[in-house]
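The values are calculated or read from the model by the stated rules, or taken from the named source; none is laboratory data. All figures in this text were calculated on a predicted structure; none of them were measured in a lab. In this analysis, Cβ positions are derived from the backbone assuming ideal geometry, glycine residues included, and neighbour counts consider all displayed protein chains. Only protein heavy atoms, including side chains, enter the accessible area calculation; ligands, DNA and RNA are left aside. Shrake-Rupley method; radii C 1.70, N 1.55, O 1.52, S 1.80 Å.
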Amino acid sequence: FKDKVDVVVSCLASRTGGVEDSNRIDYQASLNCMDVLREQGGSHYVLLSAICVQKPLLEFQRAKLRLEEAIQAQDDVTYSIVRPTAFFK
């Protein structure tokens, strides 16, 4: 990021949900955003995940769950993980 960042809200999501796309976007790109936040001395990371990661069947669900675990394993920044349902109006 060009300017100092205090909070990152990550709403990244893979387009296809396939193995490569999910690993690159749902996991790695989102993790990269948190890493930059930490490097910048930021304080809070918000992840828009999905309720379906509770019982992962698809690759994007597994990638998001791995990301949640990585976020929870660090203690440099506080975080919020939001797991909305698939209902959109």
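Test Leu47 against the stated conditions and say whether it is under 13 Å from Val9 (Cα atoms), among the aliphatic types (A, V, I, L, M) and in contact with a Lys or Arg (Cβ under 9 Å, 6 or more places away or on another chain). Judged against the criteria, Leu47 is a match.
Could you list, in sequence order, all residues of region 36-45 that are open to solvent by 30 Å² or more (accessible area, probe 1.4 Å) and either assigned to a loop (DSSP other than H, G, I, E, B) or closer than 14 Å to Arg83 by Cα (or both)?
Keep residues of region 36-45 that are open to solvent by 30 Å² or more (accessible area, probe 1.4 Å), which gives 36, 38-41, 43-44.
Gln40, Gly41, Ser43 - these are the residues of region 36-45 that are open to solvent by 30 Å² or more (accessible area, probe 1.4 Å) and either assigned to a loop (DSSP other than H, G, I, E, B) or closer than 14 Å to Arg83 by Cα (or both).
Selection of region 69-82 for residues being touching a residue at least 12 places away in the same chain (Cβ under 8 Å) and either of a type in the set (Val, Ile, Thr) or open to solvent by less than 90 Å² (accessible area, probe 1.4 Å) (or both) yields Ala70, Ile71, Gln74, Val77, Thr78, Tyr79, Ser80, Ile81, Val82. For region 1-35, residues that are open to solvent by 40 Å² or more (accessible area, probe 1.4 Å) and either part of a helix (DSSP H, G or I) or of a type outside the set (Ser, Thr, Tyr) (or both) total 20. Beta carbons closer than 8 Å, at least 6 apart along the sequence or on distinct chains, pair a first residue in region 19-48 that is of a type in the set (Ser, Thr, Tyr) with a second that is in a helix (DSSP H, G or I) and open to solvent by 60 Å² or more (accessible area, probe 1.4 Å) for Ser22/Arg62; Tyr27/Arg66.
A Cβ distance below 7 Å, combined with a sequence gap of six or more or placement on separate chains, defines the contacts here; from region 49-68, residues that are closer than 12 Å to Gly17 by Cβ reach residues that are aromatic (Phe, Trp, Tyr) and surrounded by 18 or more Cβ atoms within 10 Å (Cβ to Cβ) in the pairs Ala63/Tyr27.
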